[in-house]
Amino acid sequence: MTLRGAFFRIGLIYSGTPSMKLMTTRFSSSGTTVIEKEVKRIRHPSPLYKVLLHNDPINSMDYVVSSLLEVVPQLSEQGALAVMLEAHNTGIGLVIVCDLEPAEFYCESLKAKGLTSTIEKET
């Protein structure tokens, strides 16, 4: 049995980055060994995070709405009012769902205005 011209799959190698390397060993007709690498990128979407506003018995409803409008520019006045009412009626309101870095920024900015806010990974 000859190995010339045959291909052998060595296996998958994970290097800690989001790509997989497939290595193949091939024996050429001259008897030399050639190792070929094929890199396939695997992209995973980044997880999203919920910015939550907790009920606040200290600050007025108007202050909470105006703070939401200042901190989260994507919110309309009607949206900010809805978040405030959700937090007031249920104890917690969903402000926005976004990537981790802006979620941390919004959460800290709301805290700086005296509001109680947390972030939670979206499931």
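The values are calculated or read from the model by the stated rules, or taken from the named source; none is laboratory data. None of these values were measured; they are calculated from a predicted model. Cβ coordinates were reconstructed from backbone atoms using ideal geometry, including for glycine residues, and neighbour counts include every protein chain displayed.
The figures follow:
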| quantity | calculated |
| --- | --- |
| Leading residue by the ranking (modelled with the highest pLDDT) among those in the stretch 34-58 that are closer than 15 Å to GLY93 by Cα and loosely packed, with under 15 Cβ neighbours inside 10 Å | HIS54 |
| Members of the stretch 47-64 found to be of a type in the set (Asp, Glu) and in contact (Cβ under 8 Å) with a residue 24 or more places away in the chain, listed by number | ASP56 |
| The stretch 65-106, residues that are in contact (Cβ under 8 Å) with a residue 24 or more places away in the chain, surrounded by fewer than 14 Cβ atoms within 10 Å (Cβ to Cβ) and assigned to a loop (DSSP other than H, G, I, E, B) | GLY91, ASP99 |
| Scan of the stretch 55-64 for residues that are assigned to a loop (DSSP other than H, G, I, E, B) and not acidic (Asp, Glu), ordered by number | ASN55, PRO57, ILE58, ASN59, SER60 |
| Hits in the stretch 107-123 - residues which are in contact (Cβ under 8 Å) with a residue 24 or more places away in the chain and not in a strand (DSSP E or B) | CYS107, SER109, LEU110, LYS113, GLY114, LEU115, THR116, GLU122 |
